[in-house]
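These notes are about the structure you will find just below.
The values are calculated or read from the model by the stated rules, or taken from the named source; none is laboratory data. Quick caveat, the model's predicted, so the values are computed rather than measured. Every residue, glycine among them, receives a Cβ derived from its backbone with ideal geometry; neighbour counts consider all protein chains shown. Keep in mind that these areas ignore ligands, DNA and RNA; they rest on the heavy atoms of the full protein, side chains included. Shrake-Rupley method; radii C 1.70, N 1.55, O 1.52, S 1.80 Å.
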Amino acid sequence: MNKIKRFLFYLSVTFFSFLIALMLYIKGFPGPMLLDDKVNLQSTELYALDKHSLLHVITHNYSGMLGRGISSLSFGLTHFFHGSGTYYYKYHNFMIHCLTALALFYLGYRLLHLTRHAEKALVIAALAAFIWLIHPIQVSTVLYIVQRMAQLSALFTVCALICYVVGRVRIEEERRFGVSIIVIGYPFFLILGLLSKENAALCILFALVIEAFFFSSFDVGMIERMGISPANNVKDKRFHRRWFVRICFIALPLALGVAGVLYKMDSFLVGYEGRPFSLSERLLTQIDVLFYYLQLILLPRLSEYSLYHDDFPVVTQFGWGTFFRLSIIVGVAALSVVSIAKKKINLILFGLAWFLVAHAMESTVIPLEMIFEHRNYLASYGVVFALSVFLLMYLPEYIKSIKFSYGVTAVFIILCSFVLFVRVDTWGSEEQLTLVNVTDHPRSARAHTARANALAAYQRSDEMIEHLRIAHELEPWNPGAAIHRLAAACVFEKLTPDIVNEAKNALSNGYLTAYAWLAIDSLVSNVEYKRCQMDGADVLGVLDAIDENRHGLTADAQGKKTFFLARLYQSWGDDRQAIEYYDRAIALDGEATAYAIAKAKFLIRNGYVEEAKAAMLSIVEADKGSLRDEAKNIKTLFTMLMDAELEVMENEN
């Protein structure tokens, strides 16, 4: 086969692979926004491609430590060209998914080509990339809009690793530009990855694993094929270049990263006070979670997949089951060290090491939620890579039948395709998605909450309120569902004393979670805009329950509660009390510019022009970092103030 025919053949295979994936995914593109989609996308709406608008989108998303500007820019471009509908957001996620699969194929091919099994490198790399492309676990990343952050981070991480591998090979082959490719390409893509999502920092650990398995092993086949020697002589140029790369791009960044994590460990651990588990319980549970992830990857079962896994049991004690699973993880690590020490490349151990490294950030000490499928976006490639090596390399050797191996491979691909197709069809409709989630995971509070929100659109109030009751019953530590139920019951005129008392008890005894504050905001808004006729004493009683919270109140929490009181008294026409509570909220949390802006708007609307001027002046003089977040609101305020002054002048005339 000449070069042109070979190129056309590979291009055709790639095209049909992506076409198959598109056919499997396309029904999910019209699906709903999920969880934090709306919150994250609001700040990335782009209406012009001028310098100011682009910089605003890049710099005004505060997800993560670095702002994730690259991800924000990609969301902004989707919005600019296609509007705010979900179809193109998800379609662009799918395109990034295809690019990442292509990058993983090339990385896998280059790595396999370093082993004595180079003749099978193309087939194994293609199989691993295709299985990864159509694996059903990827649905909760590709069709969950905001997880484009994870996708871009993964894509740039793989590109950085490709630069590293290509450069290292050129160094060993004594070809030109090996060091240059690493020096330029590796940090460039690493920075892009970090500006997409902080998980790209794991690129350093991935590079360490690749270096250890492939470039410190030098098996016989690799040496013979590449015509190289180990180059341990200090006079050999490769020796110096090799150690320059290892020190500058692995050892030094790793040492600085570990030192930084240890120095800032207290800030990484902030958040456990609002979780129903401790640090030790999280670490113990994550051992079980890793094996559950492996089950989801290797045994695709439709009923196991879900957007919500908050029903996963928390491990509170170090039992025999945990000991057994931890022993397996330690065993994999020990066997990897032995394999590297003996200078033998074990590709299955490499795949498992890749999987563990990919979870080194989100499955350790940081107080995140216990489990999400999208955390396996890049991690799953390690398992799929090991599976592909087993199916096409080791299995035929053991059973002496290549046909059987191809049959098993075909069955697994068909299974993945079927489960993906059914799952994507479910994700195409909020009604269907929430129903399936609550059916398959009846002990998931989040599944019940999502189902309640879906039912609200159809005015099915009784079912909605019942799902919220179950959600609170499943998570009594989280007042969110109880307040949400109260707000819904108020709107649908289903309010009872029991529902009010349950909300008060939940606020007194539970953690004041983000969901709880959102639910309180919804309740206050309903009262403000007369969407529900709740007795004033009951509303105040609910807010007063916050003061009795047994976990204590921060100044931020007190500020939020006082701000809600200001809004209530404003809606009841008590200007004096409203202004007093606005001032208290501002004093309690001076960084919250939104409180001062809300007060200024209230003053303008009620004719207190001079007081509004003073409030506006205090906002501008404060010059807090959060002012840039409120640029649109401040501009609106000035417009309102000018209109109010004109109205006063007209009345005087």
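List of remarks:
- Top-ranked residue in the range 65-82 [being of a type outside the set (A, V, I, L, M, F, W, C) and more than 23 Å from Ser140 (Cβ to Cβ); ranked as surrounded by the most Cβ atoms within 10 Å (Cβ to Cβ)]: Gly76
A quick yes/no check of all residues on (1) at pLDDT 90 or above; (2) not hydrophobic (A, V, I, L, M, F, W, C):
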| site | (1), (2) |
| --- | --- |
| Trp517 | yes, no |
| Ile520 | yes, no |
| Glu528 | no, yes |
| Leu553 | no, no |
| Ala557 | no, no |
| Thr562 | yes, yes |
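- Residue within the range 281-292 that is under 30 Å from Ala514 (Cβ atoms), in contact (Cβ under 8 Å) with a residue 60 or more places away in the chain and acidic (Asp, Glu) present: no
- Hits in the range 190-207 - residues which are open to solvent by 10 Å² or more (accessible area, probe 1.4 Å) and either under 25 Å from Gly76 (Cβ atoms) or more than 18 Å from the chain's Cα centre (by Cα) (or both): Leu190, Ile191, Leu192, Leu194, Leu195, Lys197, Glu198, Asn199, Ala201, Ile204, Leu205
- Residue identified as surrounded by fewer than 19 Cβ atoms within 10 Å (Cβ to Cβ) and at pLDDT 95 or above among Leu24, Leu99: Leu99
- Residues of the range 467-491 classified as part of a helix (DSSP H, G or I) and either at positive phi or among the hydrophobic types (A, V, I, L, M, F, W, C) (or both), total: 13
- Hits in the range 170-189 - residues which are assigned to a helix (DSSP H, G or I), open to solvent by 30 Å² or more (accessible area, probe 1.4 Å) and either over 17 Å from Leu254 (Cβ atoms) or among the aliphatic types (A, V, I, L, M) (or both): Arg170, Val179, Ser180, Ile181, Val183, Ile184, Phe188, Phe189
- Exclusive hit being open to solvent by 20 Å² or more (accessible area, probe 1.4 Å) and under 20 Å from Leu35 (Cα atoms), set Tyr47, Tyr106, Tyr62: Tyr62
- Some residue of the range 545-560 being open to solvent by 20 Å² or more (accessible area, probe 1.4 Å) and in contact (Cβ under 8 Å) with a residue 60 or more places away in the chain: yes
- Being under 30 Å from Gln432 (Cβ atoms), touching a helix residue (DSSP H, G or I) at 6+ places or on another chain (Cβ under 7 Å) and of a type in the set (Ser, Thr, Tyr) is true of Tyr25.
- Residue pairs whose Cβ atoms lie under 7 Å apart, sitting 6 or more positions apart in sequence or on different chains, and linking a residue in the range 363-382 that is of a type outside the set (Phe, Trp, Tyr) to a partner that is buried (at least 16 other Cβ atoms within 10 Å of the Cβ) and modelled with pLDDT under 90, are Pro367/Arg275.
- Neighbours by Cβ (under 7 Å, 6+ apart or cross-chain): first from the range 143-170, farther than 14 Å from Leu194 by Cα and of a type in the set (Gly, Ala, Ser); second in a helix (DSSP H, G or I) and open to solvent by 10 Å² or more (accessible area, probe 1.4 Å): Gly167/Val179; Gly167/Ile181
- If the condition is being outside any helix (DSSP H, G or I) and within 20 Å of Leu195 (Cβ to Cβ), then the range 31-61 contributes Asp36, Ser43, Thr44, Glu45, Leu46, Leu49, His60, Asn61.
- Residues in the range 353-378 that are open to solvent by less than 20 Å² (accessible area, probe 1.4 Å), among the aliphatic types (A, V, I, L, M), in a helix (DSSP H, G or I) and over 15 Å from Glu198 (Cα atoms): Ala353 only.
- Here Gly382 clears all of (1) surrounded by 23 or more Cβ atoms within 10 Å (Cβ to Cβ); (2) at pLDDT below 95 except the condition numbered (2).
- Enumeration of residues in the range 439-463 that are among the aliphatic types (A, V, I, L, M) and open to solvent by less than 20 Å² (accessible area, probe 1.4 Å): Ala445, Ala447, Ala450, Ala452, Ala454, Leu455
- Test: residue in the range 400-407 that is aromatic (Phe, Trp, Tyr) and open to solvent by 50 Å² or more (accessible area, probe 1.4 Å): yes
- Any hit, the range 131-143, residues being of a type outside the set (Val, Ile, Thr) and open to solvent by 10 Å² or more (accessible area, probe 1.4 Å): no
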